[in-house]
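A short reminder: the numbers here are calculations on the coordinates, not readings from a lab. The shown structure was predicted, so the numbers you read here are calculated from the model rather than taken from an experiment. A quick note on method: Cβ atoms are made from the backbone with ideal geometry, for glycine too, and the neighbour counts reach across all protein chains shown.
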Amino acid sequence: MDVTPVDAGLSAAAPVATPVPVSAEQQAANRELVAAVHAVNAAEFFGQDSELTFALDRDTRRPVIRIVNRQTNELIRQIPAEYVLRLAEVMRSNQGR
């Protein structure tokens, strides 16, 4: 009888992210950015139902700024736009040829 865990195949396929070392200066800058985003969201600068978020695009590792609806999680605006991120990804992959 096979008693392999159900998710055994999934864990082997998913790559494990290696933590990237961050300098003390970068950590301080990150804390300042987080505080600024919290202040903007608390002031409801983008409206009562919207919030500002920052993230890194998984493929290009570029920062992405998003305004999303808090209730529906609907994307209202993104900078840079998704097509710009995909273009950057294509350009980067073509440079490796």
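Taken over region 31-58, the residue count meeting the criterion of being part of a loop (DSSP other than H, G, I, E, B) and loosely packed, with under 13 Cβ neighbours inside 10 Å is 6.
Taken over region 59-87, the criterion of being basic (Lys, Arg) and assigned to a loop (DSSP other than H, G, I, E, B) is satisfied by Arg61, Arg62, Arg70.
Return the only residue of Glu44, Glu51, Glu74 being closer than 30 Å to Met91 by Cβ and not aromatic (Phe, Trp, Tyr). Sole residue among the options that is closer than 30 Å to Met91 by Cβ and not aromatic (Phe, Trp, Tyr): Glu74.
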